[in-house]
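Structure first, commentary second.
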Amino acid sequence: MAKEKITKLLNKDLDELNIFTYKDVDSTNNVARELIISGIKTGLVVADRQTAGRGRTGHSFFSPENSGVYMSYFAPFDTDPSTPETITARAAVACALALESLCGTRFGIKWVNDIYYGPRKIAGILTEGIFSGDGSGYYVLGIGINVSTEGFPEDIKDSAGALSLTGIIPSHEEIIAGIINEFTRLNTVPWLEEYKSRLMYVGEAVSFAENGNTVFATMLGVNDECALLARLDDGTVREIKNGEVSLLRPHR
Ligand code: BTN
């Protein structure tokens, strides 16, 4: 990973961003956490491979060499106007906009923060918070993108999603810099409409988990805090702040 190339592609106001590049790490989110503990406030960690990449809800994130971008951006919460909940949604918009401009095609966002190309997931985001005793806090925004399925086992190669399906394979440095440029730009401009216009499953029958039960509903959209709004069969509307939503009748 060429650190200088990433710096060159970043917007001018990000010239001073600390970038840490690695060949192998367990998880870039763990490395970011260690850097914060060592006193570094803002930075970007990227790795060629993760041996213990993780996703939301306890899933692992398969992170072989050459196939994907694995990156974690970290910063103090108080430098950012977004709430912890909306940082993740803003990052999803940043990923979609950056990848769209590199690949020349449109991507969807599956609530709350998965990026899809057609019916296939190509990127995921895991945001974690780190808080110290004095109340100060940092967020670690971990982003994983399948660029190609090169390092994937044969049995999942054909069904996995990757940017290469668009026919264009940008360099890892272009992807990383593009996403950081968009994420920091969106700090100061409205982005919710961009999120809503890419939101998948609106108006469709979905299910989600609530207190251990599966609830069936029609997905209505999101509110201004990016909480999911869904109408149950009895007409009541639920606001869901976290979890997963699934489509009842998957598209073919
Ligand atoms: C998901 O799909 O549920 C989220 C996946 C997030 C993966 C990225 S890869 C970089 C960072 N390091 C991790 O261990 N996870 C995130």
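The values are calculated or read from the model by the stated rules, or taken from the named source; none is laboratory data. None of these values were measured; they are calculated from a predicted model. FYI the Cβ positions are ideal-geometry reconstructions off the backbone, even for glycines, and counts take in every protein chain you see.
Listed by first and then second residue, the pairs with beta-carbon distance under 7 Å, at least 6 apart or on different chains, first residue in segment 1-19 and part of a helix (DSSP H, G or I), second of a type in the set (Gly, Ala, Ser), are ILE6/ALA177; LEU9/ALA177.
Only residues that are within 14 Å of the ligand (Cβ to nearest atom) and surrounded by 21 or more Cβ atoms within 10 Å (Cβ to Cβ) were counted across segment 89-113, and they come to 8. Within segment 114-169, the set of residues being closer than 18 Å to ALA92 by Cβ, in contact (Cβ under 8 Å) with a residue 60 or more places away in the chain and not in a strand (DSSP E or B) comprises PRO119, VAL147, ALA162, LEU163, THR166. In summary, ARG49 fulfils each of the numbered conditions (1) within 21 Å of ILE175 (Cα to Cα); (2) touching a residue at least 40 places away in the same chain (Cβ under 8 Å); (3) not small (Gly, Ala, Ser) with the single exception of condition (2).
Results for (1) under 16 Å from GLY142 (Cβ atoms); (2) at pLDDT below 95; (3) surrounded by 13 or more Cβ atoms within 10 Å (Cβ to Cβ); (4) among the hydroxyl-bearing types (Ser, Thr, Tyr), shown as yes or no for each residue.
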{"residue": "ASN11", "(1), (2), (3), (4)": "no, no, yes, no"}
{"residue": "LEU17", "(1), (2), (3), (4)": "no, no, yes, no"}
{"residue": "PHE20", "(1), (2), (3), (4)": "yes, no, yes, no"}
{"residue": "LYS23", "(1), (2), (3), (4)": "no, no, no, no"}
{"residue": "SER27", "(1), (2), (3), (4)": "yes, no, yes, yes"}
{"residue": "ARG33", "(1), (2), (3), (4)": "yes, no, yes, no"}
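The residue that is farthest from PRO153 (Cα to Cα), among those in segment 56-85 that are surrounded by 14 or more Cβ atoms within 10 Å (Cβ to Cβ), within 11 Å of the ligand (Cβ to nearest atom) and of a type in the set (Ser, Thr, Tyr), is TYR73.
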